[in-house]
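Beneath this line is the structure, given in structure tokens, with notes to follow.
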């Protein structure tokens with residue numbers, strides 16, 4: 001079978017841990033040829049970890065410019081969020097498929113360009129929203145698609161986590177509008193995606209409020225809520241915070257319908273907490289163990305799907321069109337906070353840097 005060649009762009013925490021793990025676990029299908037980072041020591045560390053896990057040597061490269069014309073099939077991007085757009089565009093223009101971490105971009109125009117360019121070039125654009133592959137989430141989606149809930153009324157996503165000053169002091173890009181976004185864009189991205197995905201309808205409008213309650217040393221929000229109205233009549237409720245004392249409490253998604261109730265929680269929405277349908281009030285996945293980190297275990301399956309999508313010439317499970325919705329929801333919540341009104345969906349001409357410290361300084365601290 002044909003083995004694809006790939007490069008990792010960005011060798012920080014998630015790149016070195018989860019992308020390296022996913023490449024090693026899929027070594028029968030893909031060869032990781034390059035580990036790239038502006039900090040060559042990080043690239044060398046990632047390359048060493050890949051070799052340890054896979055038994056295969058790879059190359060450490062400073063930056064990615066020198067590999068744009070190399071013989072590789074795709075790249076995975078795990079840099080700071082604010083760089084995702086430009087790196088994606090550079091590799092699409094170089095004829096490479098791209099798998100990019102969430103959020104895919106921080107600007108609605110950039111989101112549109114990434115999707116359009118990938119389609120024009122006939123290249124795959126996949127987004128790392130790996131929690132869609134969690135077994136409990138797959139079981140929930142199957143029930144929804146089968147109509148087991150009857151009419152779905154509403155769903156709630158809650159991300160009650162803690163991020164302290166030490167977390168933000170690790171890197172100067174954290175908590176900035178230009179390169180990171182706030183708690184909603186960063187910590188809450190996966191559950192926001194699941195919220196809109198399981199409700200499965202076109203969004204009509206978004207109303208939101210954000211605050212910075214407890215992190216005066218960052219530019220962005222540490223708390224946010226949103227009301228998502230869908231054209232099919234369903235309603236999504238979102239609550240996300242980085243202020244939960246003294247440590248992470250929960251991440252849950254709850255779905256309520258006329259014939260069913262499901263709550264999925266655990267460290268990375270990987271455990272069924274409530275499963276109620278007529279004649280069915282338990283599920284084997286209630287016994288599922290938590291993964292070792294909040295990243296979960298979905299990257300391996302996500303990478304396998306993406307490589308199969310290339311080889312089979314089909315869309316990946318999470319396309320650019322799907323991945324952009326989560327980003328647009330967050331940008332709509334930011335816009336709603338500033339304009340103090342409900343924002344119609346889809347949104348356009350909105351970027352995270354519009355909400356700089358000086359624009360939001362007072363309302364973040366209300």
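Computed values, structure above
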item: Considering only the range 51-146, percent of DSSP beta bridges that pair antiparallel, nearest 5; result: 0
item: Prolate/oblate/rounded call for the range 95-211, Cα gyration tensor, a/c under 1.5 rounded; result: oblate
item: Extension gain, residue 178 back to residue 2 (0.36 nm per residue minus Cα-Cα distance, nm); result: 59.4 nm
item: For the chain, share of DSSP beta bridges that run antiparallel, in % to the nearest 5; result: 55
item: Relative contact order computed over the chain (Cα-Cα under 8 Å; 6+ residues apart), in percent; result: 19
item: Förster radius 25 Å - calculated FRET efficiency between residue 286 and residue 160, Cβ distance, rounded to 0.05; result: 0.75
item: Value of [θ]222 nm, deg cm²/dmol, for the chain, DSSP H segments ≥ 4, -39500 (n - 2.57) each, nearest 500; result: -9500 deg cm²/dmol
item: The range 123-276: C-alpha gyration tensor shape, a/c 1.5 cut-off, then a/b vs b/c; result: prolate
item: Cα centroid separation, the range 237-304 to the range 87-149 (Å); result: 21
item: Theoretical gain in end-to-end length, residue 40 to residue 354 [0.36 nm per residue, Cα-Cα removed]; result: 109.8 nm
item: Residue exposure sequence - 144, 77, 20 - by fewest surrounding Cβ within 10 Å; result: 144, 77, 20
item: Equivalent ellipsoid dimensions for the range 11-92 as semi-axes, Å, which come from the Cα gyration tensor, largest first; result: 19, 14, 12
item: Ranking of 79, 293 by count of other Cβ atoms within 10 Å, fewest first; result: 293, 79
item: Inter-label distance, nm, simple model (7 Å from Cα along the C-beta direction), residue 259/residue 141; result: 2.2
item: Three-way shape label, the range 1-147, alpha-carbon gyration tensor, a/c 1.5; result: oblate
item: Packing-based exposure ordering (other Cβ within 10 Å, fewest first) of 33, 338, 269; result: 338, 33, 269
item: Antiparallel DSSP beta bridges within the range 131-252, as percent of all bridges there, nearest 5; result: 75
item: Relative contact order, percent, the range 43-159 [alpha-carbon distance under 8 Å, six or more residues apart]; result: 17
item: Within the range 15-51, backbone nitrogen closer than 17 Å to the virtual label 7 Å beyond the Cα of residue 62 toward Cβ; result: 35-47
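No lab work stands behind these numbers, since they all come straight from the coordinates. What you see is a predicted model, and the numbers here were worked out from it, not measured in a lab. Backbone-built Cβ (ideal geometry, glycine too); neighbour counts: all protein chains shown.
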